[in-house]
Amino acid sequence: MAYKYKQVADDLRKQIKSGKYTPGELIPDQNQIAKNFNTTRITVHKALQLLMVEGMVYSKRGSGTYVRKDYIADDHTDDFGKVSPIDKPFGATKTNQGKTVTSKVLELSARIPTADEADKLIIQPTEPVYVIRRVRYVNGEIFAYEHTIMPTSITTLTEDILENSIYGHLQKEGLSIEGTHRIVRADKASQADVETGIAQELGEPVLVINQLSYLDDGQPFEISESRFPYQTSQLTADITL
């Protein structure tokens, strides 16, 4: 099934690659794009989010959406925008297949989202979200600390589910995960890192991954930050040119 937002994204991608919109240029606003494609503004929003995930455009609050200044069109490949393995939201369970993955749930609560969370998740300001905090273990050793925000409308979560795999639960519910926008960075260990066991001392390095993940219909379903001990963490990326 070809979702409308993907068709809009495909056409906008072609326009940018053809040079109709150049690096740094402001593209039409969402209302105008919706009119051009005879669709809704929410569909356009999802299409633009997909292009943001691909690194083709960025949004400037109060100004509009622009083609990234560092974007360079490559007409010799059809793979532009494909997500490399480092950016695929596999989750700890699938990443560590064959190993025992367990979780210690620190928090499962619900609240109203912040304005930034509602904007990123494309939900109404009054739509509640889960707040999830847990420590993940692989073969009994600390793997990561996760802090996740997820709309309650996506699924019903329990501590039993959190002790296992959230992604596995979503797939059992018939939801298909399409991709993620992931930022990887280094940070200094905080007091919370020491308390959760991610770090032994304040100030030592930790690996941090922030991500916004979305389903195959374009609906973002997760904002998360994961923190990893530097001693046992590494990232592998397969890059195809």
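Each value in this text was obtained by applying a stated rule to the coordinates, not by laboratory testing. Owing to the predicted nature of the structure, the values given are computational and were not obtained by experimental measurement. Using ideal geometry, Cβ is built from the backbone for each residue, glycine included, and neighbour counts are taken over all protein chains shown.
Pop out the ³J(HN,Hα) list for the stretch 160-176 in order, Karplus 6.51 cos²θ - 1.76 cosθ + 1.60 with θ = phi - 60°, rounded to Hz; leave Gly and Pro as x.
The phi angles translate into 4, 5, 5, 6, 10, 10, 5, 4, x, 5, 4, 5, 5, 7, x, 8, 10 Hz.
Could you give me D for the stretch 4-67, from Stokes-Einstein at 4 °C and 1.567 mPa s, where the hydrodynamic radius is the Kirkwood radius over C-alpha pairs? Units µm² s⁻¹, please.
113
Under 14 Å from the Cβ of residue 26, count the other residues' Cβ atoms, weight Lys and Arg +1, Asp and Glu -1, and hand me the total.
Taking every Cβ under 14 Å from that of residue 26, the sum is +3.
What is the dipole size for the stretch 1-47, taken about its Cα centre, with +1 at each Lys and Arg Cβ and -1 at each Asp and Glu Cβ, in debye to the nearest 20?
Dipole about the Cα centre, nearest 20: 140 debye.
Which net charge results when you count Lys and Arg as +1 and Asp and Glu as -1 among the other residues whose beta-carbon is under 9 Å from that of residue 131?
Net charge around residue 131: +1.
Count the net charge of all other residues whose Cβ sits under 9 Å from the Cβ of residue 3, scoring Lys and Arg as +1 and Asp and Glu as -1.
+1
Quick one: of 4/120; 20/46; 69/188; 6/188; 35/172, which pairs are farther than 27 Å apart, Cα to Cα?
With Cα atoms farther than 27 Å apart: 69/188; 6/188; 35/172.
Taking the Cα atoms only, what angle lies between the long axis of helix 4-17 and the longest principal axis of the chain, rounded to 10 degrees?
70
Where a ≥ b ≥ c are the square roots of the eigenvalues of the C-alpha gyration tensor, would you call the stretch 156-241 rounded, which needs a/c under 1.5, or, failing that, prolate if a/b is larger than b/c, or oblate?
Oblate shape, in that a/c is at least 1.5 and b/c is the bigger or equal ratio.
For the charge dipole of the chain, defined by +1 on Lys and Arg C-beta atoms and -1 on Asp and Glu C-beta atoms about the Cα centroid, which residue among 121, 9, 200 has the Cα displaced farthest towards the positive pole?
Going by the charge dipole, the pick is 9.
Roughly how compact is the chain, stated as its Cα Rg over 2.2 N^0.38 Å to two decimals?
Against the compact-globule rule of thumb, the ratio is 1.09.
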